[in-house]
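K.L.:
One structure follows; several queries about it will come next.
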Amino acid sequence: MLRRLVTLSFALLAAAVLAQPDPVGAWRGALGPGIVDLEIHVTFAVDGAGTDLAGTIDIPAQGLFDFALAAVALEGSDIAFVMPGVPGDPAFAGAIDGDRIEGTFTQGGQALPFFLERDAEPVALRPQEPQPPFPYLEEEVAFASGDVTLAGTLTLPPGDASVPAVLLITGSGPQDRNEELLGHKPFLVIADHLTRAGYAVLRVDDRGVGGSTGSDETATYADLAGDVGAALDFLETHPRVDPAAIGLLGHSQGGFLAPYVASRRDDVAFVILMAGPAIDGFSVLVLQNELLIGRTLRAQEPPMPEAEIEAVIADQVAFLHELRDLLAADDVAGAKALVRSRVETEIALAPEDQRPPAEQVESLIVAQVDGVTAPVFRSFLLFDPQPYLQRLTVPTLAFYGSLDFQVDAQQSEGPMREALAAAGNEDATVITFEGLNHLMQPATSGLLDEYAAIATTIDPIVLETVSDWLQARFPAP
């Protein structure tokens, strides 16, 4: 319960007099040392006017980064700050003693100790994230896809030569052009790496995100495939792009869309699939639930009996089958009623201290119902990539992480190989990287709660594999 509260907000309060220490700089420490051991980073700076203190806080395990503090105040050895707009009235109360801040965190009547120590050499939380100035060109671009305008960034190596190009296709859910997730920006890292290697790279905001209009949630796969096609059309007209060497790199759901588009057009030169499922979305979702529920419940203390775990998994799988059948029959009203009943039951059965506030219950239910019955989710659930993979004859690189719990490598690797062989694809490479998760990070468990805490955004061996594979087939000038 406390970990959830911690993600909501913070305030820092203290007391002292006379000599006023200088807090400016980076600090790192822990909330609840020996209890919850939640790593925290706080950075204090002088504001733009040069008169007051400002600051940010990072909590990597909670996916919180660069959260702007408000009302940062220093009086003697007392320092205070708040995180505005977050319920719960959490607060830190501590005092600066040399290179250490120590005190008590309180939120919702709960209290925990905390400490911060001055970080002489702050560790970059995202060391791969590129920082300007860049040794390449950036163009902010926009183009139409039907009545929707899509916005993105095209990065180009320096010079005037015509170069091969890679179009990045995001995973499920509304994603920005960097595919930002839990403080990581995988597509920014990929674009930077490939552009430094000599390739043009286009990354685009999904519908309704950033500079793009429309709505991702109400889009079907036909709509999203149209967006990919519009981006290809844009690249083909760019004077720096070699129109005969444009390919697609799709991550997760983007790995569904890439072969779908490539098998229907003759202007896609290559396909790269990063954790792209090779089986239908329903099968992906079922195994994903089985693995994640099983792994989570087996990690509880005290451990849940195996028979109870299997019963929970069986109940969830039965629900997914019923949902799939309703959506396949185009019974959206029935699917909405099913999901509403499911969420209401789960809330009622949850321990009282884990239930949402009464005033938030209906909005939570509506969000769940709308999300699971949205056109884009229905498209995912009912999509089968096999017919498109079996027509994919261009050079294809597909890779997975052995610790991926969202797109299981064992479930997809074999069907991917078989589909590409059935296509007669003479240049197909399928790889599973040991120890990597769905984002291609080096992981321990592969579970979602690790993503934010891992400093690496994408394992360098993956980046090098992609660029080496491209150079061998579509060498950059």
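K.L.:
So which residues in region 293-350 are among the acidic types (Asp, Glu), modelled with pLDDT under 95 and touching a helix residue (DSSP H, G or I) at 6+ places or on another chain (Cβ under 7 Å), if there are any at all?
P.N.:
Residue satisfying the conditions is Glu344 alone.
K.L.:
Then there's this: Among Leu188, Leu194, Leu167, which is the only one that is out of contact with any helix residue (DSSP H, G or I) (no Cβ under 7 Å at 6 or more places or on another chain) and among the aliphatic types (A, V, I, L, M)?
P.N.:
Leu188
K.L.:
So if I check each of Val369, Val430, which one is more than 19 Å from Leu273 (Cβ to Cβ) and not in a loop (DSSP other than H, G, I, E, B)? Before you say what the answer is, go through the steps one by one.
P.N.:
Details: Val430 fails: more than 19 Å from Leu273 (Cβ to Cβ).
Result: Val369 is the single residue among Val369, Val430 that is more than 19 Å from Leu273 (Cβ to Cβ) and not in a loop (DSSP other than H, G, I, E, B).
K.L.:
While we're here: Please name all residue pairs, on different chains or six or more residues apart, with Cβ atoms under 8 Å, provided the first residue is in region 274-297 and is among the polar types (S, T, N, Q) and the second residue is in a loop (DSSP other than H, G, I, E, B) and crowded, with 20+ Cβ neighbours inside 10 Å.
P.N.:
From residues that are among the polar types (S, T, N, Q), the pairs are Gln288/Phe405; Gln288/Gln406; Gln288/Val407; Gln288/Asp408.
K.L.:
Of all residues in region 431-460, which are over 26 Å from Gly294 (Cβ atoms) and either buried (at least 19 other Cβ atoms within 10 Å of the Cβ) or not assigned by TED's automatic domain parsing to the domain that holds Gly276 (or both)?
P.N.:
Scanning region 431-460 gives Thr457, Ile458.
K.L.:
Leu31 - would you say it is at pLDDT 80 or above, under 24 Å from the mean Cα position of the chain (by Cα) and in the same structural domain as Pro90 (by TED's automatic domain parsing)?
P.N.:
Numbers: at pLDDT 80 or above: yes; under 24 Å from the mean Cα position of the chain (by Cα): no; in the same structural domain as Pro90 (by TED's automatic domain parsing): yes.
Here the answer is no, as Leu31 does not meet what is asked.
K.L.:
Can you go through Leu420, Leu463 and tell me which one is free of Cβ contacts under 8 Å to residues at least 60 places away in the same chain, outside any loop (DSSP other than H, G, I, E, B) and either of a type in the set (Ser, Thr, Tyr) or under 22 Å from Phe270 (Cα atoms) (or both)?
P.N.:
When all the criteria are applied, what remains is Leu420.
K.L.:
Take region 21-35 and flag every residue that is assigned to a loop (DSSP other than H, G, I, E, B), closer than 16 Å to Ala80 by Cβ and not aliphatic (A, V, I, L, M). If you could, list the steps in order and put the result at the bottom.
P.N.:
Initially, region 21-35 is screened for residues assigned to a loop (DSSP other than H, G, I, E, B), giving 21-24, 32-35.
Checking which are closer than 16 Å to Ala80 by Cβ leaves us with 21-24.
Selection gives Pro21, Asp22, Pro23.
K.L.:
Looking at Leu470, Leu392, which one is part of a loop (DSSP other than H, G, I, E, B), closer than 22 Å to Val261 by Cβ and in contact (Cβ under 8 Å) with a residue 60 or more places away in the chain? Break it down into steps so the answer makes sense when it comes.
P.N.:
Values: Leu470 fails: part of a loop (DSSP other than H, G, I, E, B).
Criteria check complete, one pass: Leu392.
K.L.:
Collect the residues in region 200-254 that are of a type in the set (Val, Ile, Thr) and in contact with an Asp or Glu (Cβ under 9 Å, 6 or more places away or on another chain), keeping them in residue-number order. Show your work before the answer.
P.N.:
So in region 200-254, the residues of a type in the set (Val, Ile, Thr) come out as 201, 204, 209, 213, 218, 220, 228, 237, 241, 246.
Listed by number, the residues that qualify are Val201, Val204, Val209, Thr213, Ile246.
K.L.:
If you don't mind, another one. Among (1) among the polar types (S, T, N, Q); (2) assigned to a strand (DSSP E or B); (3) under 18 Å from Pro460 (Cβ atoms), which single condition is Thr155 missing?
P.N.:
The number of the failed condition is (3).
K.L.:
Of everything in region 37-74 that's surrounded by 14 or more Cβ atoms within 10 Å (Cβ to Cβ) and in a loop (DSSP other than H, G, I, E, B), which residue is modelled with the lowest pLDDT?
P.N.:
It comes out as Gly63.
The values are calculated or read from the model by the stated rules, or taken from the named source; none is laboratory data. Everything numeric in this text was worked out from a predicted model, so none of it was measured. Every residue, glycine among them, receives a Cβ derived from its backbone with ideal geometry; neighbour counts consider all protein chains shown.
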